[in-house]
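Comments concern the structure below.
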Amino acid sequence: MPTRFICYYLPGEAGGLCVSQGGRFPPFSSEGKPPKRVGKGHKDLTLCRVFRKKTCCDAAQTHPALLSIRRLALTGEASEECLHLWELLECSICDPRVGVQPGPPLICTSFCDRVFQACSNAYFSMDAKTQVLAPCGANDFVCGRASEWASNGTELCLAAGFRVEQSVGMHGGIEEVSCYGGKASLDSIADSWGASRSEKPHKTGNSGLLEDFQQWLQDMPSDERVSWAVGGLVLTAGLLFISKRKSHNQRQKLAAIQHAA
């Protein structure tokens, strides 16, 4: 029987150096350096901004994640809960505790099950380049519901290019601390998000997010832009929604995190 090595980390601690995750995930430009704050500019995070204060990520990692969420909303026919949880899943690579461990990101079985439950009716296809399961795109010929590609959360996460850690006695009171998506890590994400939202807004904070989104929207093909706007699921470049739906959807997203935890 092969020996299994599990790297445990404690919530809130992210010591170590960034290690590129391999697989479908672009290499870190910060390879061999500790996680750090991401500044404004062309390398700023286009998604997963809850990890902005300390991460191994830059735009190279978050842009593919943003495209994945966009496809899931446009052609994947995903529910709102599915979108929130899939975004959390894609953002695992930017968690500083994940970035310092050999990859691909190690996801808790319980979280994979939650994603599968929410996304079982959403449409996915096999990505021709990466050979992993990804949200169905407009140019994909063969798309099927997640429940047709996988029978449970573990299979879905594995097919999507992640590693999966089996739950270690969650019902016995032992917390999942070796993987992303357990109660400890989701509580940490929720706390970080709450703290970032309670900070005094900077002069360019909200306007910067809106400008990022407007630029991204301008770069989108016109037909997709119309569908995206009509769909009402207009994501900004981070974990924020714009317009009058913003605060409502933020509460729903935070509720999804806490519910998953």
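The values are calculated or read from the model by the stated rules, or taken from the named source; none is laboratory data. Treat the numbers as computed from the prediction; the structure is a model and nothing was measured. Here Cβ is always computed from backbone atoms with ideal geometry, including for glycine, and neighbour counts include all displayed protein chains.
Please pick out the residue among HIS42, HIS84 that is at pLDDT below 95 and assigned to a loop (DSSP other than H, G, I, E, B). Going through HIS42, HIS84 in turn, the sole match is HIS42. Of the residues making up the stretch 136-149, those that are among the aliphatic types (A, V, I, L, M) and either closer than 20 Å to GLN61 by Cβ or at pLDDT below 95 (or both) are ALA138, VAL142. With the condition kept exactly as written, say whether any residue in the stretch 147-170 is β-branched (Val, Ile, Thr), surrounded by 18 or more Cβ atoms within 10 Å (Cβ to Cβ) and assigned to a strand (DSSP E or B). Checking the stretch 147-170: at least one residue is β-branched (Val, Ile, Thr), surrounded by 18 or more Cβ atoms within 10 Å (Cβ to Cβ) and assigned to a strand (DSSP E or B). Picking from residues in the stretch 101-135 that are part of a loop (DSSP other than H, G, I, E, B), modelled with pLDDT of 95 or more and not small (Gly, Ala, Ser), the one that is nearest to LEU74 (Cα to Cα) is ASN121. Residue count for the stretch 72-84 satisfying the condition of being out of contact with any Lys or Arg (no Cβ under 6 Å at 6 or more places or on another chain) and either surrounded by 21 or more Cβ atoms within 10 Å (Cβ to Cβ) or of a type in the set (Phe, Trp, Tyr) (or both): 6.
Pick from ALA65, ALA60: which is in contact with a Leu (Cβ under 6 Å, 6 or more places away or on another chain) and without any contact (Cβ under 8 Å) to a residue 60 or more places away in the chain? Step through it out loud before you land on a result.
Numbers: ALA60 fails: in contact with a Leu (Cβ under 6 Å, 6 or more places away or on another chain).
On inspection, the qualifying residue turns out to be ALA65.
Selection of first residues in the stretch 110-128 that are closer than 15 Å to GLU90 by Cα and of second residues that are assigned to a strand (DSSP E or B), restricted to Cβ pairs under 8 Å at least 6 apart or on distinct chains, gives the following pairs, ordered by first then second residue: PHE111/TYR180; CYS112/VAL164; PHE124/LEU133; PHE124/ALA134; PHE124/PRO135; PHE124/GLY144; PHE124/ARG145.
Do the conditions hold for GLU80, that is, is it within 16 Å of the chain's Cα centre (by Cα) and acidic (Asp, Glu)? Yes: the conditions hold for GLU80. Write out, first by first residue and then by second, each pair whose Cβ atoms fall under 7 Å of each other, whose residues are 6+ apart or on separate chains, and whose first residue, in the stretch 140-162, is closer than 12 Å to MET126 by Cα while the second is basic (Lys, Arg). Within 7 Å, the pairs are GLY161/ARG24.
For the stretch 29-49, the set of residues classified as surrounded by 13 or more Cβ atoms within 10 Å (Cβ to Cβ) and out of contact with any helix residue (DSSP H, G or I) (no Cβ under 7 Å at 6 or more places or on another chain) consists of SER30, PRO34, LYS36, VAL38, ARG49, listed by residue number.
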